[in-house]
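The values are calculated or read from the model by the stated rules, or taken from the named source; none is laboratory data. Please read these numbers as outputs of a predicted model, since none were measured by experiment. Side chains included, ligands, DNA and RNA excluded: accessible areas come from the protein's heavy atoms. Shrake-Rupley method; radii C 1.70, N 1.55, O 1.52, S 1.80 Å.
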Amino acid sequence: DLRHESEKYAYGNLHHLIGESGGPMTAMVKVCKEAGMDLFPSVRMNSHYHIEEKQASYGRHRRENPHLRIGPPDEDIPIPSVENAIRTGLDYKFYKNRRIMANVICELFERWDVAGVELDFMRHPAMFRPEEAYAHRYLMTDFVRFIRSRMDEIGHTRGKHLELITRVAPTVADSVRTGLDVETWIKDKLVDNLPTAPLYD
């Protein structure tokens, strides 16, 4: 649905970039290489925007699979609350959501010659329902472990180390309570860098 002017502009701009340079990523890789700079594309690991489902930016996967969101649409969730604020995000306890996001992330370093990838867990800091996050932290660790393994495979074929950056909460406790077991990530050498950002209360 491209009724919104901003989305019509974005759609047109994207297709222009594809026609002129092969697309945004291809253009950025080329520009960075010419400038002698490393490129680390960043992936927002979730989106909790409350916008019309018909908008293109809502995403087809979320639109067609409401049962895979953190807050299914048939639940009456009080406003204001953290639970309501994050209800439109993807719930990572579901394998289908993890698989789709893994495909998006892996394509960035499989298809393009980048220096690594950043997983931004803090732009919208909730991957699970708050009461389920701690119990499901192993799922996110397995997810990160898979990304690390695939990066190592690709890096080996290119003769270089690909860096995995994860943007997380400023404390271990805040990260763990949202389902991000950063201590294990560090201990098992799954990540190279962990920049932090403030977390919701």
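Beyond 26 Å in Cα-Cα separation lie the following of the pairs K33/K93; K8/K93; K54/K96; K30/K93; K8/K33; K93/K160: K33/K93; K8/K93; K30/K93; K8/K33; K93/K160. Each Cα pair under 8 Å and six or more residues apart adds its sequence gap; the mean of these over the residue count of the stretch 49-165 is a relative contact order of 24 percent. Surface analysis of the stretch 77-160 yields an accessible area of 47 Å² per residue, using protein heavy atoms and a 1.4 Å probe.
By accessible area, using a 1.4 Å probe on protein heavy atoms only, the chain has 54% of its surface on carbon and sulfur. Counting only protein chain heavy atoms and rolling a 1.4 Å probe, the accessible areas of E110, E118 rank, largest first, as E110, E118. Each 5 Å bin, from zero up to the one with the longest distance, holds this percent of the alpha carbon pairs of the chain: 1, 7, 14, 17, 18, 16, 13, 9, 4, 1, 0. Every Cα-Cα pair of the stretch 126-201 was included, and the share exceeding 19 Å stands at 37 percent. Of the listed residues Y138, Y92, the order by accessible area with a 1.4 Å probe, largest first, is Y138, Y92.
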